[in-house]
Each structure stands twice: as structure tokens, then as C-alpha cells.
Amino acid sequence: MNNYKLLIDGQWVEGACEPFKVINPATLETVATCANGTTEQLDLAVQAAQRAFKSWQHVSHEERKAILHRIADEIAANRDELAALIVAEQGKPFGLAIGEVEGGIAWTRYTAETEIPVEVFEDTEDKLIEGHRKPLGVVASITPWNWPFMIAIWHIMPALRTGNTVISKPSGLTPLSTIKLVEIINNHLPAGVINIITGERGIGSGITAHPGINKIVFTGSTPTGQSVMRNAADNLKRLTLELGGNDAAIVLPGTDVSNVAPAIFGAAFLNMGQTCGALKRLYVHESLYEEMSAALADIAKQQVVGNGMDEGVNFGPVQNKDQLDLVTGLVEDAKTRGARILCGGAPLDQVGYFYPPTIVADISNEAPLVQEEQFGPVLPVIKYADVENAIEMANGIDMGLDGSVWGPDTNEATTIASRLECGTTFVNTHAEIQPNVPFGGCKMSGFGVEFGLEGLLEYTAMQVVHIKK
Ligand code: NAD
């Protein structure tokens, strides 16, 4: 069995503690063991990254761009092997894992090509004043278990592109594809520019408090994000916090149900619902309520649930036992409140963390399944009569990642969508992200954005150059 190691200063090393196991959620078998790093090893990685920063920050944009493209080429050459590793540790179907790797390649190439402009504030007879963007230093990337490979790319590529050095810390549940990614990246970089420390023994909190780290890009839950922010104050670390979501969608009267139901289902159950920007609460006008709920249940029943490596499977397991228990508990609670389970509604009685796609109707807006981020294969469908009330319910929670409005009249839907309190508001679609468009949350879903020029600039500080002519 493979034992995955830490990368510190260009060297692969064992963790100083006993390795931990990575479990396949479909079979519950051990996929591999992984090094358990210590905070002393974290210190060594930070020192290496600080040393490497001295020269990496001065490498030209052209060269960094070319390096990112070479990395993308090597990822592409290893596409199927990486996708299989993602399935083994995360559980998603192989086709979706291929999409995750290909998305990673596309994001890498887009990031490579993004130019960082010099801003000219004044260019007059006696003055030239410009804003130049400089890297921050050592960036730590802390990633979750739902899209482990792609989110690592989202963090690491802009950090490198802008001249920072990196410490990667993946989730202990899904570290393997990130380690393979770091191995590929390291093949193209000087020692110490990229490092990876795995392990859950205080590595996350060690990073947030570390005086040698200048920025943290964190994707994960809101409570952990709050802890990151509290710990980061001592040396004023820059932060990008991409936290939880509980996205609402509103379906307006007159919507063509058979036309939109597949898209709504896809947005809700993307990656078995374990996607921050998945549609998690569906508010449907009473005139369409039964038709929409039934259409979604029909699609849910057609999903083939199983091991993501098996032919024909398009719906994998939940990634871990805690998440499975959370989803199970929320649905059981909904049942006790009188909700109607149209399909699914209980874990499958077989090996693995399987929970079938579940549509829950006749549920009140106050139920925890609606109010909390369920982050799993369940969609509560809530009936409304007055659109003002639907908007109020959509905005009535403290999260604000994405939201959407679906309806036949685009202007009306757009007006309503603009009243949703969230980072991205969609009309007749949901959960679409792309590398050229900034993405981020408001309220307790975090702050800062990823992607596009704005996302790239989060890895830089402005230096104003003021020249008297
Ligand atoms: P999590 O917060 O439990 O863990 C995320 C990462 O933080 C892991 O690597 C973990 O090891 C690390 N960590 C744990 N304790 C830490 C500490 N005290 N200090 C620093 N790091 C620590 O999240 P998760 O369960 O892995 O992921 C699911 C959550 O992530 C959901 O809430 C989901 O909405 C969110 N998410 C958000 C986005 C987004 O872009 N907004 C994307 C994906 C996932």
C-alpha cells in the first residue's frame, strides 16, 4: 500500500508521527496511508518557503506563465490516474472526477494567462504615480474534502502566478490527489516554492497562528473559518475565506417545470450535494409545487447509486461518516415534523456511506433541514404563495454564497434575483462557476473572491510608486 509523504524544501519526507489512513467511502477499505506532520515540520516548511520566496518573487511573469502551462500539460498527461485517485478518496463518479481534473487544467491555464496590470493614477507634467502589485510572501492553502483537487488548484495556481511561495494543507479525509498535484507542481519549480504538510494534529491551527505565513486562503466550514480569522490577527495575515453556503432558489409562477427540473436537480445534487454553491433550499410557488416536486423525484429515482468506479454509476457515496450521520439526522428530524419524503430518505443498507438522492416536500421553512447547511444528497422543497415572502425566507439565514431565481420572464426574475443577499445571483441557472468570473460569498459565507483578475489580486499587495518628474 502506498504511503504518501510530506514535501518540505523539495524533499519527500515521512511525518514525525504515526501515518493516518485514508478511507474509500464506497468500500470502507484503506486506500493509502498518509504522513502525519508535526508543527516542527510545519516550521521547516515555512522556513523553506521563506527562503524560496527571496528569488521566486523576482522570476518574470513570462517565466511563471510558462511554468504554469507546463504544469497543466503534466496534469493533463496524468488525467485518468488523478481522476481514479479522486474517486478512491472522495467517492464521486469517475466521469465527474475527470471533470474535476479537466477543470483544474482549465483554471491553471486561465490563471497563467491573466495579466497583472500596472495602474496609473496620475501621469502629468510633473508627476507619475503608479500602483504596482507585489506578492505577499508565504501563502498557506487550507482545503476541504468535497472537491479536493480542484480547490487546491484554485488556491495554489494564483499564489504561484503572482510570485508567492506555498504551504498546502489538504483535508485529512482527502489528501491524496492534492499530494499528487503538489508532486507534479514541484517537478517544475525550485525547491521550497511549494510544500505540503498533511495531518490533523494541530497543523491547521499551527498554520493560522504561524508568524512566517503572510496569507491564508481557506475553503471550508464557517466555524473553522471563524477560528482561522481569530488566529490570523497576530501578524495581520491577509485572508480569503470561502465558507459554507445554504443557497436558496425561487421558482416563479409560470415556469416551465419539465424544462427547468433537470437543471435544478443538477445544481442541487452536484457532487452528491457536497458542493458549497449547490442549490440547497428550493422555494416553489404553490401553483407549480406538486408538479415540480414530482418532476424532481422522478429524476432522483433515475440516478444509479454506487461505487464511482463502476460502469453506469452516476451517483456516489457521501464522503464520510460524520456527513452521512448529519444528513440522516436532518432528514429524520424532517420526518418527525410531518414532511413528505418523495424518494430516498434513509442510508442504503450496504457497505459504504451511500445515501440516495432525496426530495423532501411539505417541509416548513423553520425545519433544520432548511435552515442549516445539509451539504449532502437532500433537497427540501418549500411552498410559497407570495413572492415577497419567498424573498424574505431566502434572505432569512446568515449565509450568502449564491442564490437563484427561475421564471419565464427574464426581466422580472432578474429584478427579484438582485434582491437576494449573496455573492452570486443567478437567473434560470445555478452553481455555474468559471475562471474569468469572480466568485465569493457575503454574510457568514466569507469574504474575498477567487477567480478572474480580482481573485488574482488577492495574492498581492499594492505598492504605490510616486515619481516627481
Ligand atoms: P472544515 O472546515 O471542517 O475543514 C476545512 C479544512 O480546514 C480542512 O483541511 C481541515 O483539516 C482544516 N481545519 C480544521 N480545523 C482547523 C483549524 N482550527 N484551523 C485551520 N484549519 C483547520 O470543512 P470541510 O468539512 O472539510 O468542508 C465542508 C465545508 O466547506 C462546507 O461548509 C462547505 O460549504 C465549505 N466549502 C466552501 C466552499 C466555498 O468556496 N465557499 C467550497 C467548498 C466547501
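Give the number of residues within segment 371-403 that are of a type in the set (A, V, I, L, M, F, W, C), within 20 Å of G423 (Cβ to Cβ) and more than 16 Å from the ligand (Cβ to nearest atom). Full working, then the answer.
First, the residues of segment 371-403 that are of a type in the set (A, V, I, L, M, F, W, C): 375, 378-379, 381-382, 385, 387, 390-391, 393-394, 397, 399, 401.
Remaining after also requiring within 20 Å of G423 (Cβ to Cβ): 375, 390-391, 393-394, 397, 399, 401.
If we keep only those that are more than 16 Å from the ligand (Cβ to nearest atom) too, we end up with 390-391, 393-394.
Qualifying residue count for the region: 4.
Only one of I98, I156, I129, I116 is free of Cβ contacts under 8 Å to residues at least 40 places away in the same chain and more than 21 Å from A45 (Cβ to Cβ). Can you tell me which? Steps first, answer last, please.
Details: I156 fails: more than 21 Å from A45 (Cβ to Cβ); I129 fails: free of Cβ contacts under 8 Å to residues at least 40 places away in the same chain; I116 fails: free of Cβ contacts under 8 Å to residues at least 40 places away in the same chain.
Checking each option against the conditions leaves just I98.
Name the one entry in G407, G455, G423 that is within 29 Å of A300 (Cβ to Cβ), touching a residue at least 60 places away in the same chain (Cβ under 8 Å) and not basic (K, R).
Details: G455 fails: within 29 Å of A300 (Cβ to Cβ); G423 fails: touching a residue at least 60 places away in the same chain (Cβ under 8 Å).
The unique qualifying residue is G407.
Per-residue answers, yes or no, for (1) assigned by TED's automatic domain parsing to the domain that holds M229; (2) in a loop (DSSP other than H, G, I, E, B):
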{"position": "T415", "(1), (2)": "no, no"}
{"position": "L420", "(1), (2)": "no, yes"}
{"position": "F426", "(1), (2)": "no, no"}
{"position": "A431", "(1), (2)": "no, yes"}
{"position": "G455", "(1), (2)": "yes, no"}
{"position": "Q463", "(1), (2)": "yes, no"}
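Sort through A268, A294 and tell me the only one that's in contact (Cβ under 8 Å) with a residue 12 or more places away in the chain, out of contact with any helix residue (DSSP H, G or I) (no Cβ under 6 Å at 6 or more places or on another chain) and under 18 Å from F426 (Cβ atoms). Step through it out loud before you land on a result.
Numbers: A294 fails: under 18 Å from F426 (Cβ atoms).
Being in contact (Cβ under 8 Å) with a residue 12 or more places away in the chain, out of contact with any helix residue (DSSP H, G or I) (no Cβ under 6 Å at 6 or more places or on another chain) and under 18 Å from F426 (Cβ atoms) holds for just one of A268, A294, which is A268.
Just name the residue that is nearest to the chain's Cα centre (by Cα) out of those in segment 235-258 that are under 17 Å from N395 (Cβ atoms) and among the aliphatic types (A, V, I, L, M). Don't jump to the end; show me each part of the working.
Taking segment 235-258 first, the residues under 17 Å from N395 (Cβ atoms) are 244-252.
Pick out the ones that are also among the aliphatic types (A, V, I, L, M) and you get 248-252.
Numbers: A248: 18, A249: 20, I250: 23, V251: 26, L252: 29 Å.
Among those residues, the one meeting the criterion is A248.
Among the numbered conditions (1) more than 18 Å from the chain's Cα centre (by Cα); (2) in a helix (DSSP H, G or I); (3) near the ligand (Cβ under 10 Å from one of its atoms), tell me where G199 comes up short.
All conditions pass for G199, except number (2).
Does segment 424-439 hold any residues that are out of contact with any Phe, Trp or Tyr (no Cβ under 7 Å at 6 or more places or on another chain) and crowded, with 22+ Cβ neighbours inside 10 Å, and which are they?
Across segment 424-439, the qualifying residues are F426, H430, A431.
When segment 17-61 is examined, which residues are found to be under 24 Å from the mean Cα position of the chain (by Cα) and charged (D, E, K, R)?
K21
Residues of segment 119-169 being within 15 Å of the ligand (Cβ to nearest atom), assigned to a loop (DSSP other than H, G, I, E, B) and either under 20 Å from G448 (Cα atoms) or hydrophobic (A, V, I, L, M, F, W, C) (or both), which ones?
If we filter segment 119-169 for residues that are within 15 Å of the ligand (Cβ to nearest atom), which is where we start, we get 139-156, 158, 166-169.
Now narrow it down to the ones that are assigned to a loop (DSSP other than H, G, I, E, B): 143-147.
Across segment 119-169, the qualifying residues are T143, P144, W145, W147.
Within segment 404-423, take every residue that is farther than 21 Å from P368 by Cα and either within 14 Å of the ligand (Cβ to nearest atom) or of a type in the set (K, R) (or both) and give me the one that is surrounded by the fewest Cβ atoms within 10 Å (Cβ to Cβ).
Residue satisfying both the conditions and the ranking: R419.
Against the condition within 20 Å of E14 (Cβ to Cβ) and of a type in the set (A, V, I, L, M), how does I213 come out, does it pass?
Values: within 20 Å of E14 (Cβ to Cβ): no; of a type in the set (A, V, I, L, M): yes.
So I213 does not fit the description; no.
Please work out if T460 is of a type in the set (S, T, N, Q), within 16 Å of the ligand (Cβ to nearest atom) and open to solvent by less than 40 Å² (accessible area, probe 1.4 Å).
Numbers: of a type in the set (S, T, N, Q): yes; within 16 Å of the ligand (Cβ to nearest atom): no; open to solvent by less than 40 Å² (accessible area, probe 1.4 Å): yes.
In short, no.
Return the residues of segment 170-194 that are open to solvent by 10 Å² or more (accessible area, probe 1.4 Å) and either within 13 Å of the ligand (Cβ to nearest atom) or over 18 Å from A32 (Cβ atoms) (or both); say none if nothing qualifies.
S171, G172, L173, N186, N187, H188, L189, P190, A191, listed by residue number.
Could you tell me how many of the residues in segment 4-22 are in contact (Cβ under 8 Å) with a residue 60 or more places away in the chain and open to solvent by less than 60 Å² (accessible area, probe 1.4 Å)?
10
Would you pick out the residues in segment 216-230 that are open to solvent by 60 Å² or more (accessible area, probe 1.4 Å) and more than 6 Å from the ligand (Cβ to nearest atom)?
Quick first cut of segment 216-230, residues open to solvent by 60 Å² or more (accessible area, probe 1.4 Å) only: 223-224, 226, 229-230.
Those that are open to solvent by 60 Å² or more (accessible area, probe 1.4 Å) and more than 6 Å from the ligand (Cβ to nearest atom): P223, Q226, M229, R230.
What pairs can you find where one residue is in segment 200-225 and small (G, A, S), the other is open to solvent by 20 Å² or more (accessible area, probe 1.4 Å) and within 6 Å of the ligand (Cβ to nearest atom), and their Cβ atoms are less than 7 Å apart, with a gap of 6+ or different chains?
Short answer, once both residue conditions are applied: G220/P144.
Would you mind stating whether L279 is buried (at least 23 other Cβ atoms within 10 Å of the Cβ), over 27 Å from N3 (Cβ atoms) and near the ligand (Cβ under 10 Å from one of its atoms)?
In short, no.
Does I213 fit the bill of being open to solvent by less than 10 Å² (accessible area, probe 1.4 Å), of a type in the set (A, V, I, L, M, F, W, C), not assigned by TED's automatic domain parsing to the domain that holds I391 and not in a helix (DSSP H, G or I)?
On the way: open to solvent by less than 10 Å² (accessible area, probe 1.4 Å): yes; of a type in the set (A, V, I, L, M, F, W, C): yes; not assigned by TED's automatic domain parsing to the domain that holds I391: yes; not in a helix (DSSP H, G or I): yes.
Here the answer is yes, as I213 does meet what is asked.
Would you confirm whether or not segment 55-67 contains a residue that is of a type in the set (G, A, S), in the same structural domain as G206 (by TED's automatic domain parsing), open to solvent by 20 Å² or more (accessible area, probe 1.4 Å) and not in a helix (DSSP H, G or I)?
If we filter segment 55-67 for residues that are of a type in the set (G, A, S), which is where we start, we get 55, 60, 66.
Adding the requirement that they be in the same structural domain as G206 (by TED's automatic domain parsing) leaves 55, 60, 66.
When the remaining residues are screened for being open to solvent by 20 Å² or more (accessible area, probe 1.4 Å), the result is 55, 60, 66.
Now restrict to residues that are not in a helix (DSSP H, G or I): 60.
Looking for residues that are of a type in the set (G, A, S), in the same structural domain as G206 (by TED's automatic domain parsing), open to solvent by 20 Å² or more (accessible area, probe 1.4 Å) and not in a helix (DSSP H, G or I), one finds at least one in segment 55-67, hence yes.
The values are calculated or read from the model by the stated rules, or taken from the named source; none is laboratory data. Remember, predicted model here, so these are calculated numbers, not experimental data. Note: ideal-geometry Cβ built from the backbone for every residue, glycine included; neighbour counts use all protein chains shown. Just the protein is used for accessible areas: all its heavy atoms, side chains included, with ligands, DNA and RNA removed. Shrake-Rupley method; radii C 1.70, N 1.55, O 1.52, S 1.80 Å.
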